[in-house]
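The values are calculated or read from the model by the stated rules, or taken from the named source; none is laboratory data. Given the structure is predicted, the values throughout are model-derived calculations rather than measurements. Backbone-built Cβ (ideal geometry, glycine too); neighbour counts: all protein chains shown. Side chains are part of the model used for accessible areas, which takes the heavy atoms of the whole protein and leaves out ligands, DNA and RNA. Shrake-Rupley method; radii C 1.70, N 1.55, O 1.52, S 1.80 Å.
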Amino acid sequence: MSESRNYGFVNRIPASDGAGIPGGIGGGSAYEPHLIFYVGVPDVEAALKQAESLGGKRQMGPERAPTGLVVGHFTDHEGNLIGVAGPA
């Protein structure tokens, strides 16, 4: 497990067209345990804005990971944390 602000990606096996989102484990003792899944989107900022327009609350992002992947987080109206990831 990585520590805060030092997210460790795991190697991924992409689809035949190279598509796929890398995964990893991050957080460490500075964070409460939680699970987050990511949805692949073409534009993270646009996806976060759409989530906000539908009642979600932006929690993070967009931020570019060291791998070049852009990520963002929002919570839905029930407080579930959801991630979006994409090339931009």
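Values computed for the structure shown
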item	result
Residue in the range 21-60 that is most open to solvent (accessible area, probe 1.4 Å), counting only those that are part of a loop (DSSP other than H, G, I, E, B), modelled with pLDDT under 90 and not hydrophobic (A, V, I, L, M, F, W, C)	32
Subset of the range 63-73 [surrounded by 14 or more Cβ atoms within 10 Å (Cβ to Cβ) and either over 9 Å from the mean Cα position of the chain (by Cα) or in a loop (DSSP other than H, G, I, E, B) (or both)]	69
